[in-house]
1. What order do you get for TRP190, TRP235, TRP138 when you list them from fewest to most C-beta neighbours inside 10 Å?
2. For region 261-392, what D do you get in µm² per second when you plug the Kirkwood radius from alpha-carbon pairs into Stokes-Einstein at 37 °C and 0.692 mPa s?
3. Place a +1 charge on the Cβ of each Lys and Arg in the chain and a -1 charge on the Cβ of each Asp and Glu, then give the dipole magnitude about the Cα centre in debye, rounded to the nearest 20.
4. Straight-line reach from LYS46: which lysines have Cα under 22 Å away, leaving out those fewer than 8 places along the same chain?
5. Quote the Stokes-Einstein diffusion coefficient, in whole µm² s⁻¹, for region 27-171, based on the Kirkwood radius over alpha carbon pairs, a temperature of 20 °C and a viscosity of 1.002 mPa s.
6. For the chain, what does -39500 (n - 2.57) per DSSP helix run (n ≥ 4), summed and divided by total residues, give at 222 nm, in deg cm²/dmol to the nearest 500?
7. What does the charge count near HIS263 come to, summing +1 for each Lys or Arg and -1 for each Asp or Glu among other residues with Cβ under 11 Å from its Cβ?
8. Rounded to the nearest Å, what's the spacing between the alpha carbon centres of region 146-208 and region 291-366? Just the number, please.
Amino acid sequence: MPYQSSSALSSQTTNSLLCLTVAPSQVLQGTDALQQAKSAIARLGKRPLVVRGDRTLADTPQLQPLLNMELQVAEAAYIPDCSEASLESLKQAVANHQADVIIGVGGGKALDTAKLIAYQCQLPVVTIPTSAATCAAWTALSNVYSDEGAFLYDVSLLKCPDLLILDYNLIQTAPQRTLVAGIGDAIAKWYEASVSSGNSEQTLIIAAVQQARVLRDLLFQKSAAALKEPGSTVWQEVVNATVLLAGVIGGLGGAQCRTVAAHAVHNGLTHLPGSHNALHGEKVAYGILVQLRLEEMVQGNKLAATARQQLLKFYAEINLPQTLDDLGLGEITLTQLRHAAEIACNPNSDIHRLPFQIVPDQLMAAMVSTTTPVETGRSNLGIAAINSTANQGCEDTDS
Ligand SMILES: [Zn+2]
């Protein structure tokens, strides 16, 4: 049973048409999947445009099969970000190449860009993740950022990718830290879905929330072993968890199984330039601790306090960030902290799916007390916590 839930949000009924985008049409997974995927790609188009990050196909031996296809392949980078400016220039690249299929190669942002370009140009899309840092290869959703990397909005797409190629050899070339981040993003599914949808009576939402619990438990059990042995069977299963099962949950749960505070905190942090060295999943993992801390401070929720202690142990074991300092934000000013908190609390933010009202002062207090020992009583909005956090490096130098 979820440790708590929001009845107000999940018991609504609707007469509107539900659009389900559950899964990619085809998923090919294996140690040499890319080598064996040529015919599956060729079925989708003859003139692929590869949308990638800064790793070119020629520079990456594991991506050579894409160049060796008997197809007219062109490549274009998403620079500077998955932003409106990049999307415009990529649309031009699609037109110039007369592309008939888009292939996204890279991390979450490259894949989000590829999916969105394909959607806008009404072309099929293939996703080839080069790390296990997110489930972007699976989902029918793209996040759009500013050129400077600040999160702006997300776009729901009409369908999941036409083909997902999960090549373990390719994933293994990514830094270990990307898989750790993917684990952080994946476990957030449980902490957020159980709050936003834990009370749902809808069959597929119940299934999504329960799968999120299964995903969390799998990762609790297997992550440490997987990280010790990259390429091993247990490592492959953890990759499957972060790239595939996390995607299944998003697909089953859909728009009603939304993110809550963990991703809202991530979105707020992206507006601080100092946060850009931290990966999406690292910021989200920290955001889970903030969300639990809010539930402790505002609701006096003891289960949230216990869950936070459990996570702190897990984070220490696999090296996920626990504090702003761990994210490289130990020196931010109180003004910057407030800026991130205000963005996370904007009226459209998913943070308002919490079953209680939240204001930026409360969020700031939670953000600077993620590692605090479990309290015995209910604290008073946590304002005191802000004033007693000089040890977290939040000096108010701006005001
Ligand atoms: Zn995420």
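Any read-out appearing in this document is the output of simple, stated calculations on the displayed coordinates, not a laboratory observation. All figures in this text were calculated on a predicted structure; none of them were measured in a lab. Virtual Cβ from ideal backbone geometry, glycine too; neighbours counted across all protein chains shown.
1. Values: TRP190 25, TRP235 22, TRP138 28.
Taking fewest neighbouring Cβ atoms as first place, the list is TRP235, TRP190, TRP138.
2. Once the numbers are plugged in, D ends up at 228 µm²/s.
3. So the magnitude is around 1000 debye.
4. LYS38, LYS91, LYS115, LYS159
5. Roughly 146 µm²/s, to the nearest whole number.
6. -13500 deg cm²/dmol
7. Net of charged neighbours comes to 0.
8. Spelled out, the Cα-based centre of one part sits 19 Å from the other.
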